[in-house]
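Novice: My questions will all concern the structure given below.
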There are 2 protein chains.
Amino acid sequence: VKLRELGEDRLIARLIRGLPLGPEVRVGPGDDCAVIGAPRAARWELLKTDAVVEGVHFEPGEKMERVGWKALCRALSDIAAMGGVPGHALITLAVPAEYEMEKLEALYRGLRKAARRFGVSIVGGETSRSPGPLFVSIALTGSVERDRCILRSGGQPGDALYVTGRLGGSRKGRHLDFVPRLEEARWLTSHAKLHAMMDISDGLGADLPRFAAASGCGYCIDQDTLPRTRGCSADEALNDGEDFELLFALPMKAREKLLGEWKRAFPRLPLTCIGLLLEPSPQLVAARSGGARLHGFDHFA
Amino acid sequence: VKLRELGEDRLIARLIRGLPLGPEVRVGPGDDCAVIGAPRAARWELLKTDAVVEGVHFEPGEKMERVGWKALCRALSDIAAMGGVPGHALITLAVPAEYEMEKLEALYRGLRKAARRFGVSIVGGETSRSPGPLFVSIALTGSVERDRCILRSGGQPGDALYVTGRLGGSRKGRHLDFVPRLEEARWLTSHAKLHAMMDISDGLGADLPRFAAASGCGYCIDQDTLPRTRGCSADEALNDGEDFELLFALPMKAREKLLGEWKRAFPRLPLTCIGLLLEPSPQLVAARSGGARLHGFDHFA
């Protein structure tokens, strides 16, 4: 079977079957980060890897400082999605032998800039030759207080679904200079009891079904309320991908208080209720999602 | 400047200049692993990444179970070189869309086999499309008791240099089924006060100069004593690379006791004194290294 036929989600489901997990693993594959620690420890450790590949996540002629920023911020966005604070990063490169040193130094300027801004130490890595494109893989650790660690799986039917910021249009450049929502996520976990959270990396159209499925819920969204980037259609807001905004589930009764406080804390960043988690029901999902196709970004489709 | 002209060591030296490091970073870039923890903590955390690339570290037609084994064991060898025990791994793949699912499943069989054998939990990862070859990047955590953590930099003039096992000939297949020296390294740190240790991944010819430089020492080796794999020349033993044996520096007075105990503990694995650390002196190194060229494996040369 070719990956093209299988698709990304089924590929991953097949690969992670039967992986060995020790008793200290709180969350294994499938959430934004892995979570490690004793069940009652005050803090848990977060582990994440992510990669950007030339020709897939950035074009060969791109400014490499922006690529470095993006590479680290993608992984930081996953730490944010757990409610965590970032720690230490390692950088793994596979580089064509004919590559220009100056471009790698620009990549590292972008990595250093993101590391300094978000308090990350870059503590090492590995460099290899690539017979193909440039490949940049980031390994990132973080940590989170146990009672502020937010998984994808805690959502309940009736929860309100919220997203930060605006969706769509990342391909016009925002995918290279987005700001991971670390500050906003920390604020959220100190101001409300979120039930579940993830970051939107493949587009709401791909990530919302995953989010609901992780909580064993269905969902409905109102397309007219989607906070779209100026000039984007509903289809683009759902399916462009690389938004790196937060999607979270909040108990209905906590809504009004949180929204008022949010507006004072982040007056320039919208926080929008886009729908609800429901009892699982595939028919309902199809009916409520209306005309636009929910697909998002599949690496192999 | 092209990487081909610069070479691997100078590339890395340029990239790691001025990286932000927090006060909890005991060892940053340059050793086998990064080391994180409070100065007086009982245990320190180890962080490592490593990658294998199709066409560089394995051939496209290779049995993928062996590639998976190799990928994880390379990183495990670096945990061993610090005296540590492995913890949690994340797997980052970039895969051509036309790749066969069955080959990825075989890769994961090899990863799982190594994980089970050495007590590692595979807790997640990331999958992306590759427009070029298959990339497999491993991020691995570990930990080590503070007083058993062995760096590259602790060697002193007069220390004896030892290697485990035999060198050379990895290209005939051993690079795909070597056993990382985790057990041996733990035994060594509980039976002797090692001054410095590393794993030999690019060949003794490349790694010994790095090892001595990290300790601010010169070195001499006796080529006739090099423990060679059967059928290998001294040149191959020095420069083939991918031996994944341990190289360590031991105070002279500890030699005899350790060697006797080693033979009882590991009767089938040689432990060989190959030379000495010296006061730094480039001339002496050149004179004592005799006829064979020391170069090892440079990814970009």
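Novice: In segment B:212-236, whose amide N lies under 20 Å from the spot 7 Å out along Cα-to-Cβ of B:Glu59? List them in ranges.
Specialist: Zone members listed by number: B:232.
Novice: If the label for B:Ser281 sits 7 angstrom from Cα along the Cα-to-Cβ line, what are its distances to the same label in every other copy, in nm to one decimal, shortest first?
Specialist: 8.7
Novice: Every other copy gets compared here: list the nm distances from the A:Lys253 label point (7 Å along Cα to Cβ) to its counterparts, shortest first, one decimal.
Specialist: 7.2
Novice: Could I ask something else about it? Excluding same-chain pairs closer than 8 in sequence, count the lysine pairs in chain A whose Cα atoms lie under 20 Å apart.
Specialist: 13
Novice: May I pose another question? Which residues, if any, in segment B:77-97 lose at least 40 square angstrom of accessible heavy-atom surface (probe 1.4 Å) when the other protein chains sit next to their chain rather than the chain being alone?
Specialist: Listed by number, the residues meeting the 40 Å² cut-off are B:His88, B:Leu90, B:Thr92, B:Ala97.
Novice: Can you give me the angle between helix B:182-191 and the longest principal axis of chain B, using Cα atoms only, in degrees from 0 to 90, rounded to the nearest 10?
Specialist: Once rounded, the angle reads 30 degrees.
Novice: Cα axis of helix B:204-214 to longest principal axis of chain B: angle in degrees, 0 to 90, nearest 10?
Specialist: For B:204-214 against chain B, the angle is about 70 degrees.
Novice: With respect to the axis carrying A onto B, what is the closest chain A residue by Cβ position, and how many angstrom separate it from the axis?
Specialist: Residue nearest the A-to-B axis, with distance in whole Å: A:Gly132, 1.
Novice: Right, another one. Hey, what's segment B:24-69 come to in accessible area per residue, 1.4 Å probe, Å²? Could the numbers behind the result be given before it?
Specialist: Values: 1780 Å² over 46 residues.
I get 39 Å² per residue for this part.
Novice: Would you mind checking which residues have amide H under 5 Å from B:Arg129's amide H? H placed 1.01 Å from N; only 5 or more apart, or other chain.
Specialist: B:Val95
Novice: For helix B:101-117, report the angle its Cα long axis makes with the longest principal axis of the Cα atoms of chain B; keep it between 0 and 90° and round to the nearest 10°.
Specialist: 40
Novice: For segment A:68-218, what % of the accessible area comes from carbon and sulfur atoms, probe 1.4 Å?
Specialist: Carbon with sulfur: 47 percent of the solvent-accessible area.
Novice: Another question about this same structure. Using R₀ = 41 Å, calculate the FRET efficiency as 1/(1 + (r/R₀)^6) where r is the Cβ-Cβ separation of B:Leu259 and B:Ala13; round to 0.05. Mind showing how you got there, number by number?
Specialist: On the way: r = 36 Å, r/R0 = 0.88.
The computed FRET efficiency comes out at 0.70.
Novice: Shifting gears a bit: Please report the buried accessible area for the interface of A with B, total over both chains, probe 1.4 Å, in Å² to the nearest 100.
Specialist: On the way: alone 14670 and 14690 Å², together 23290 Å².
Summed over both sides, the interface buries about 6100 Å².
Novice: Tell me the mean residue ellipticity at 222 nm calculated for chain A from its helices only (DSSP H runs of n ≥ 4, each -39500 (n - 2.57), averaged over every residue, nearest 500).
Specialist: Values: 9 runs with 92 residues, N = 301.
Rounded to the nearest 500, the figure is -9000 deg cm²/dmol.
Novice: How high is the relative contact order of chain A, in percent, with contacts defined as C-alpha pairs under 8 Å that are six or more residues apart? Before the final figure, lay out the partial values.
Specialist: Working: 644 pairs, mean separation 66.6, N = 301.
Relative CO of chain A lands at 22 percent.
Novice: What FRET efficiency would be calculated for the residue pair B:Glu145, B:Arg116, taking the C-beta separation as r and a Förster radius of 30 Å, to the nearest 0.05? If you can, show how the numbers build up before the last one.
Specialist: On the way: r = 24 Å, r/R0 = 0.80.
Calculated value: 0.80.
Novice: Hey, for A:Lys63 with labels 7 Å out along Cα-Cβ, what do the inter-copy distances come to in nm, ordered shortest first?
Specialist: Spelled out, the distances from A:Lys63's label point are 5.1 nm.
Novice: B:Arg109 versus B:Thr225, label points 7 Å from Cα toward the beta carbon: distance in nm?
Specialist: Going by the 7 Å Cα→Cβ label model, 4.4 nm.
Novice: How much of the accessible area of segment A:12-67, probe 1.4 Å, is carbon plus sulfur, in whole percent? It would help to have the intermediate numbers written out before the result.
Specialist: Values: 1370 of 2480 Å².
The computed percentage sits at 55.
Novice: Given R₀ = 56 Å, what would the calculated FRET efficiency be for A:Gln156 paired with B:Ser153, taking r from the Cβ atoms and rounding to 0.05? All intermediate terms of the calculation are to be shown ahead of the outcome.
Specialist: On the way: r = 53 Å, r/R0 = 0.95.
With R0 = 56 Å, the Cβ-Cβ based efficiency is 0.55.
Novice: Gap in Å between the Cα centre of segment A:1-68 and the Cα centre of segment B:103-154?
Specialist: That distance is 13 Å.
The values are calculated or read from the model by the stated rules, or taken from the named source; none is laboratory data. Nothing here was measured: the structure is a model prediction, and the numbers come from that model. Every residue, glycine among them, receives a Cβ derived from its backbone with ideal geometry; neighbour counts consider all protein chains shown. Surface areas here come from the heavy atoms of the whole protein model, side chains and all, with no ligands, DNA or RNA. Shrake-Rupley method; radii C 1.70, N 1.55, O 1.52, S 1.80 Å.
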